[in-house]
Amino acid sequence: MCLFCKIANHEQDTDIVYEDEAIIVFKDINPKASVHLLIVPKKHIDSINELEEVDKELMSDMIFLAKKLALENKISKSGYRLTFNVGRGGGQIIDHIHLHLIGGGKINE
Ligand code: 5GP
Ligand code: ZN
């Protein structure tokens with residue numbers, strides 16, 4: 001089982017900030033700004049490359065959740081970055097699809 005599946009199954013300790021039946025959100029262990037959350041579907045999908053039609057609603061829900069969490073974390077106005085890294089060339093290290101929500105202060109590249 002991959003690391004993010006373990007976190008989704010509560011088999012690996014982490015700082016969870018939101019959870020429902022389909023999505024879990026937790027703080028990135030190595031934050032690039034004062035807010036750095038990982039929005040992760042509980043369903044294992046390797047990357048954007050493996051997305052299927054059936055995942056449309058899930059992906060949409062992840063984006064709307066990002067909007068809500070940005071508001072709650074008071075970074076809606078100042079701005080934030082939403083990123084899907086895809087494959088090693090795109091900077092993806094964990095092969096379980098996830099949306100980075102990064103903002104608040106300077107973003108460390
Ligand atoms: P990627 O580079 O795959 O898009 O992003 C993976 C992210 O997962 C990285 O920003 C990294 O800091 C984070 N990460 C890696 N291992 C762990 C972990 O065990 N716990 C948490 N909370 N984040 C992790
Ligand atoms: Zn997984």
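The values are calculated or read from the model by the stated rules, or taken from the named source; none is laboratory data. This is a predicted model, so every value here is computed, not measured. Neighbour counts run over all protein chains shown; Cβ positions are idealised from the backbone, glycine included. Accessible surface areas use protein heavy atoms only, side chains included; no ligands, DNA or RNA. Shrake-Rupley method; radii C 1.70, N 1.55, O 1.52, S 1.80 Å.
The figures follow:
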| item | result |
| --- | --- |
| Å² of accessible area per residue within the chain, as computed with a 1.4 Å probe and no ligands counted | 61 |
| Eligible lysines near LYS32 by straight Cα distance, threshold 19 Å, same-chain separation 8 or greater | LYS67, LYS74, LYS77, LYS106 |
| GluC sites (Glu not before Pro) within the stretch 7-60: DSSP coil, no more than 14 neighbouring Cβ in 10 Å | GLU11, GLU21, GLU52 |
| Sites excluded, trypsin sites (Lys or Arg not before Pro) in DSSP loops with at most 12 other C-beta within 10 Å, longest stretch of the chain | 1-73 |
| Cα-based shape type of the chain, given that a ≥ b ≥ c are square roots of the gyration tensor eigenvalues and the cut on a/c is 1.5 | rounded |
